[in-house]
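Single-structure report; data block below.
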Amino acid sequence: MRRVDAWVTYLQVAPLSLVFLLFLVVPIATIVVVSFFDYSTTQIIPAFLLQNYEELLLSPVTWQTYLQTLEFTVITWALTLAIGFTIAYYLAFYVRSATWQTVLFLVCTIPFWTSNIIRMISWIPFLGRNGLMNTALLKMGLIHEPLEFLLFSDFSVVLAYVHLYTLFMVVPIFNSMMRIERSLLEAARDAGASGWQTLWNVILPLCKPGIAIGSIFVVTIVMGDFVTVRLMSGGQTASVGLMMMNAMSLLQYPAAAANAVVLLLLVLLTVGVMMRLVDIRKEL
């Protein structure tokens, strides 16, 4: 009987295991294998070489690109966390009606009704040299000449990231806040805690799983992104994802695969640190 139960269990997990194997393990393993291949301008040569990793890790351009990507990631994470936490806090504790919570939450999802590229391009007429922002500031007399840093710069890249990915921080934090027992907040107020003390000592610790999940979403997406950097920086800024895209466009697939492996290890290390600091299983 136990053998039958064991076989039933194996059969139940077999479909998910097969999908996991075919669409995650096999592609990643293929990338790792190809990262050790040699290549020329016309072909990929099966071999086992460390040349791709040596050229990658010994190049100062690579380190500068990774630092630039980490800078984008950290700034975007901090801004999305601050904005996302504020929005979630307002929806969870200031909007009493469940209907209005749903309506306002749906309003936050409206930007996702269009593609990322359209949302990024929509910033160009607003931030351009002769765009709406510069025109308004000039007419109000706040500036005497158009601001050059608004578009095709690191500022516009971070702005686009925050616009695109803040909702990934709002959703898990809002979910965490809605699970907080309101009696805990009443007990904190009865004990004489101020609003900031309640926020810091009660709400924030209980929201750590949601913050961790949102952080994982934002960090992993930003570190692997290349479209936003290419469009919003005007080709003046690089990222790891863009570097891989350029290598693939030159048919340097082994070099791009080596870059992908290093980036994957870096992302896994970052996610591992987050999961060690916060037990996200409480949220799942």
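The values are calculated or read from the model by the stated rules, or taken from the named source; none is laboratory data. Since the structure is predicted, the reported quantities are computational estimates derived from the model, not experimental observations. For neighbour counting, all protein chains shown are included, and Cβ atoms are generated from backbone atoms with ideal geometry for every residue, glycine included.
Couple of notes before you dig in:
- Pick from the range 22-58, criterion of a type in the set (S, T, N, Q) and at pLDDT 90 or above, ranking: surrounded by the fewest Cβ atoms within 10 Å (Cβ to Cβ): Thr30
- Scoring Pro111 on the criteria (1) at pLDDT below 90; (2) closer than 18 Å to Gly234 by Cα; (3) part of a helix (DSSP H, G or I) leaves a single failure, condition (2).
- Residue within the range 78-98 that is free of Cβ contacts under 8 Å to residues at least 60 places away in the same chain, closer than 25 Å to Gly224 by Cα and not β-branched (Val, Ile, Thr) present: yes
- Hits in the range 114-137 - residues which are free of Cβ contacts under 8 Å to residues at least 24 places away in the same chain and not in a helix (DSSP H, G or I): Thr114, Ser115, Ser122, Gly128, Arg129, Asn130, Gly131
- In the set Ala47, Ala88, only one residue is farther than 18 Å from Ile221 by Cα and within 23 Å of the chain's Cα centre (by Cα); that residue is Ala88.
- The set of residues from the range 74-117 being surrounded by fewer than 17 Cβ atoms within 10 Å (Cβ to Cβ) and among the small types (Gly, Ala, Ser) comprises Ala78, Ala82, Ser97, Ala98, Ser115.
- Among the residues of the range 118-148, just one is under 18 Å from Arg230 (Cβ atoms) and loosely packed, with under 11 Cβ neighbours inside 10 Å, namely Ile118.
Okay, residues lined up against (1) under 16 Å from Tyr89 (Cβ atoms); (2) surrounded by 14 or more Cβ atoms within 10 Å (Cβ to Cβ):
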{"position": "Leu151", "(1), (2)": "no, yes"}
{"position": "Ser156", "(1), (2)": "no, yes"}
{"position": "Leu159", "(1), (2)": "no, yes"}
{"position": "Phe174", "(1), (2)": "yes, yes"}
{"position": "Glu186", "(1), (2)": "no, no"}
{"position": "Asp190", "(1), (2)": "no, no"}
{"position": "Ser194", "(1), (2)": "yes, no"}
{"position": "Val202", "(1), (2)": "yes, yes"}
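- The criterion of at least 3 residues that are charged (D, E, K, R), out of contact with any helix residue (DSSP H, G or I) (no Cβ under 8 Å at 6 or more places or on another chain) and without any contact (Cβ under 8 Å) to a residue 24 or more places away in the chain is met by the following helices (runs of 4 or more DSSP H) wholly inside the range 152-204: 182-190.
- Tyr90 falls short of the stated requirement of being under 30 Å from Pro254 (Cβ atoms), part of a helix (DSSP H, G or I), at pLDDT 85 or above and out of contact with any Cys (no Cβ under 9 Å at 6 or more places or on another chain).
- Those helices (runs of 4 or more DSSP H) of the range 222-284 in which at least 2 residues are surrounded by fewer than 18 Cβ atoms within 10 Å (Cβ to Cβ), considering only elements entirely within it, cover 240-249, 253-277.
- Only listed residue being closer than 30 Å to Leu167 by Cα and assigned to a helix (DSSP H, G or I), chosen from Ile75, Ile31: Ile75
- Residue in the range 93-108 that is farthest from His163 (Cα to Cα), counting only those that are of a type outside the set (D, E, K, R) and outside any helix (DSSP H, G or I): Ser97
- Some residue of the range 36-58 being acidic (Asp, Glu), under 30 Å from Phe168 (Cα atoms) and assigned to a helix (DSSP H, G or I): no
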